[in-house]
Amino acid sequence: MAHETGTGRVKRGMAEMLKGGVIMDVVNAEQAKIAEDAGAVAVMALERVPADIRAQGGVARMSDPDMIEKIKAAVTIPVMAKARIGHFVEAQVLQSLGVDYIDESEVLTPADYKNHIDKWGFTVPFVCGATNLGEALRRINEGAAMIRSKGEAGTGDVSNAMQHMREINGEIRRLSSLREDELYVAAKELQAPYELVKEVAEKGKLPVVLFTAGGIATPADAALMMSMGADGVFIGSGIFKSGNPAQRAAACVRATTFWDDPKVIADASRGLGEAMVGINVADLPAPHRLAERGW
Amino acid sequence: MRVGVLALQGDVREHVSALIACGVYPTAIRRPQELDAVEALIIPGGESTTIAHLAKSFELFNPIKMRIASGMPVYGSCAGMILLADNILDAMDGQEVFGGLDITVRRNAFGRQVDSFESDIAFADGSDVALRAVFIRAPWVEKVGTGIEVLAQIDSHPVAVRSSTILATSFHPELTGDHRIHRYFIEEVARGALKQVQ
């Protein structure tokens, strides 16, 4: 019987399987192994974690294929990788390498300041960042099968992720309260397709899985995001820029599952050593804010 | 019937909805005392390594293993199938599972996510209607032991199997809105097994 690959159900379904889990940024096979042993549901293979991209500057691009191959060989869990916004050739390369999910990410330097990748043409599914509901729906309209809040990557400051989650879920709640004849204007205001706006208003949720990312550094941060309605958590620099990555990784995994149990979070938070140093988002000059990339 | 859905990680919500559609109101299971309160269990899709890791951290691993061994009806989809298999191929080093089903399962057998697919399959529940099956980085059954019945196959690989108390599928019936598999588990596997105990 025919195998239909790359269908919406297969792409979105893959994200459903990651729910309640933690996806960790890793830059080599050793880190990937530590993440898998700690209970990560997937790893994000990249050349430099966001904190280093921020510190070192320069143009940040897709990872070296050899590095991705090594990470794929080291773990049995899904391997994701980042492509630059609008860089469809990087995405084609990542697909040919057999990565399991592509993150079209504002953490890398955008390749196109106008257009995102047309994601419908790919078999591999995409996750995209969003700061509000309109942005999330525009990405879904382009074929994204999973959304994550952007937050402010590489800072260890959770305030932007918090703001984006409140924004997205607040707008969803507002849509659900509207009369049907008010949804046309709502679609105009959100700058999103009417069909998707209507679907969100009816279901009271996004049609795809919503994770959170950007600035999550502690088990309590992860639990906070879950209690804000995230389906799961991306942790970038927070783990491997901290004192004890293996223990912190496992602690974040536990806190994500038991986000509603402060005793478990307290236990998970004990003896983790130093968290990543962190930068206050408010101290970042506007041109250095990654969340403002993408539109 | 009191049915639990293991809620450590994965697509718990979809299994809960499927059960509700079958008229069963399940409990989410994250703690040993919650497990004690149910008669049957569903292990959802997700990452088998993560689910096992969390089960160990929260002292659920051995209680689940023991309940399965003592005949609690269980259904596992995808990661759930891996966790119910006595033997796994292409496992993570040192990966542990609950076991209970005398089968050998190959993890990610169909390939990576780009090879994930959906297809119509025949499911041996007495119906001639094809079942839409969604396979996501799915395992297949490489070898079945004695007393294992094969309920569905694709390309001559078993993808749905059962023993007297355990049902396992490589695919995700919880994603399609067709509740045949959940109904089969409740009516044909769990109810029968529980009746025998009484």
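The values are calculated or read from the model by the stated rules, or taken from the named source; none is laboratory data. All figures in this text were calculated on a predicted structure; none of them were measured in a lab. Every residue, glycine among them, receives a Cβ derived from its backbone with ideal geometry; neighbour counts consider all protein chains shown.
Would you pick out the residues in segment B:42-56 that are within 12 Å of another protein chain (Cβ to nearest Cβ) and either touching a Phe, Trp or Tyr at 6+ places or on another chain (Cβ under 8 Å) or under 17 Å from B:His172 (Cα atoms) (or both)? Let's see the steps before the verdict.
Going residue by residue through segment B:42-56, those that are within 12 Å of another protein chain (Cβ to nearest Cβ) are B:44-56.
Across segment B:42-56, the qualifying residues are B:Pro44, B:Gly45, B:Gly46, B:Glu47, B:Ser48, B:Ile51, B:Ala52, B:Ala55.
Just one residue in the set B:Asp93, B:Asp11 is at pLDDT below 95 and of a type in the set (D, E, K, R); that residue is B:Asp93. Selection within segment A:139-159: residues that are in a helix (DSSP H, G or I) and touching a strand residue (DSSP E or B) at 6+ places or on another chain (Cβ under 8 Å). The member of this set that is farthest from A:Arg289 (Cα to Cα) is A:Ile140. Residues in segment A:269-295 that are of a type in the set (Gly, Ala, Ser) and in a loop (DSSP other than H, G, I, E, B): 5 in all. Go through segment B:65-94 and count every residue that is in a helix (DSSP H, G or I) and within 14 Å of another protein chain (Cβ to nearest Cβ). Total satisfying the criteria: 5. Here is a check on your reading of the model: is A:Ala32 crowded, with 19+ Cβ neighbours inside 10 Å, within 13 Å of chain B (Cβ to nearest Cβ), part of a helix (DSSP H, G or I) and in contact (Cβ under 8 Å) with a residue 40 or more places away in the chain? So A:Ala32 fits the description; yes.
For A:Gly58, the conditions (1) modelled with pLDDT under 95; (2) within 30 Å of B:Ile82 (Cβ to Cβ) all hold with the exception of (2).
Of the residues that sit in segment A:46-100 and are among the basic types (Lys, Arg) and within 21 Å of the chain's Cα centre (by Cα), which one is surrounded by the most Cβ atoms within 10 Å (Cβ to Cβ)?
First, pick out the residues of segment A:46-100 that are among the basic types (Lys, Arg): A:48, A:54, A:61, A:70, A:72, A:82, A:84.
With the extra rule that they be within 21 Å of the chain's Cα centre (by Cα), the set shrinks to A:48, A:54, A:61, A:72, A:82, A:84.
On the way: A:Arg48: 19, A:Arg54: 20, A:Arg61: 16, A:Lys72: 21, A:Lys82: 28, A:Arg84: 24.
It comes out as A:Lys82.
When segment B:153-198 is limited to residues that are surrounded by fewer than 21 Cβ atoms within 10 Å (Cβ to Cβ), within 18 Å of B:Ala18 (Cβ to Cβ) and of a type outside the set (Val, Ile, Thr), the one that is nearest to the other protein chains (Cβ to nearest Cβ) turns out to be B:Gly177. Whether a residue is more than 28 Å from A:Ala144 (Cα to Cα), outside any loop (DSSP other than H, G, I, E, B) and away from chain B (no Cβ under 14 Å) was assessed, and A:Ala266 passes this test. Residues in segment B:95-119 that are crowded, with 21+ Cβ neighbours inside 10 Å and part of a helix (DSSP H, G or I): B:Gln113 only. Against the numbered list (1) in contact (Cβ under 8 Å) with a residue 40 or more places away in the chain; (2) in contact with a Phe, Trp or Tyr (Cβ under 7 Å, 6 or more places away or on another chain), B:Ala152 comes up short only at (1). Pairs are defined by a Cβ separation below 6 Å, a sequence spacing of at least 6 or placement on different chains, a first member in segment B:42-64 that is part of a helix (DSSP H, G or I), and a second member that is aromatic (Phe, Trp, Tyr); the pairs so defined are B:Ala55/B:Phe61; B:Ile64/B:Phe98.
Please specify each residue of segment A:64-118 satisfying the condition of being part of a helix (DSSP H, G or I) and within 14 Å of another protein chain (Cβ to nearest Cβ).
Filtering segment A:64-118 down to residues part of a helix (DSSP H, G or I) leaves A:65-74, A:88-96.
Within segment A:64-118, A:Ile68, A:Glu69, A:Ile71, A:Lys72, A:Ala73, A:Ala74, A:Ala91, A:Gln92, A:Val93, A:Leu94, A:Gln95, A:Ser96 qualify.
In segment A:19-29, of all residues being aliphatic (A, V, I, L, M) and away from chain B (no Cβ under 11 Å), the one that is surrounded by the most Cβ atoms within 10 Å (Cβ to Cβ) corresponds to A:Met24. The single condition among (1) over 24 Å from B:Glu96 (Cα atoms); (2) within 14 Å of another protein chain (Cβ to nearest Cβ) that A:Pro50 does not meet is (2). Being small (Gly, Ala, Ser), on the phi < 0 side of the Ramachandran plot and more than 7 Å from chain A (Cβ to nearest Cβ) is the filter here, so list the residues in segment B:113-138 that pass it. Those that are small (Gly, Ala, Ser), on the phi < 0 side of the Ramachandran plot and more than 7 Å from chain A (Cβ to nearest Cβ): B:Ala122, B:Ala124, B:Ser127, B:Ala130, B:Ala133, B:Ala138.
Would you be able to say whether some residue in segment B:7-28 is more than 30 Å from A:Gly6 (Cα to Cα), of a type in the set (A, V, I, L, M) and surrounded by fewer than 23 Cβ atoms within 10 Å (Cβ to Cβ)? Please lay out each step first, then the result.
Keep residues of segment B:7-28 that are more than 30 Å from A:Gly6 (Cα to Cα), which gives B:23-28.
When the remaining residues are screened for being of a type in the set (A, V, I, L, M), the result is B:24, B:28.
Keeping just the survivors that are surrounded by fewer than 23 Cβ atoms within 10 Å (Cβ to Cβ) gives B:24, B:28.
Looking for residues that are more than 30 Å from A:Gly6 (Cα to Cα), of a type in the set (A, V, I, L, M) and surrounded by fewer than 23 Cβ atoms within 10 Å (Cβ to Cβ), one finds at least one in segment B:7-28, hence yes.
Please enumerate the residues belonging to segment B:1-41 that are over 14 Å from the mean Cα position of the chain (by Cα), away from every other protein chain (no Cβ under 14 Å) and in a helix (DSSP H, G or I). Those that are over 14 Å from the mean Cα position of the chain (by Cα), away from every other protein chain (no Cβ under 14 Å) and in a helix (DSSP H, G or I): B:Ile20, B:Ala21, B:Leu35, B:Asp36.
So in segment A:138-166, with the set limited to residues that are among the acidic types (Asp, Glu) and surrounded by fewer than 24 Cβ atoms within 10 Å (Cβ to Cβ), which one is farthest from A:Gly121 (Cα to Cα)? Result: A:Asp157.
Only residues that are among the basic types (Lys, Arg), crowded, with 24+ Cβ neighbours inside 10 Å and either under 16 Å from A:Ala45 (Cα atoms) or within 13 Å of chain B (Cβ to nearest Cβ) (or both) were counted in segment A:226-263, giving 1.
In segment A:11-18, the condition of being assigned to a loop (DSSP other than H, G, I, E, B), at the interface with chain B (Cβ under 10 Å from one of its Cβ atoms), within 18 Å of B:Asn108 (Cβ to Cβ) and within 14 Å of the chain's Cα centre (by Cα) is met by at least one residue.
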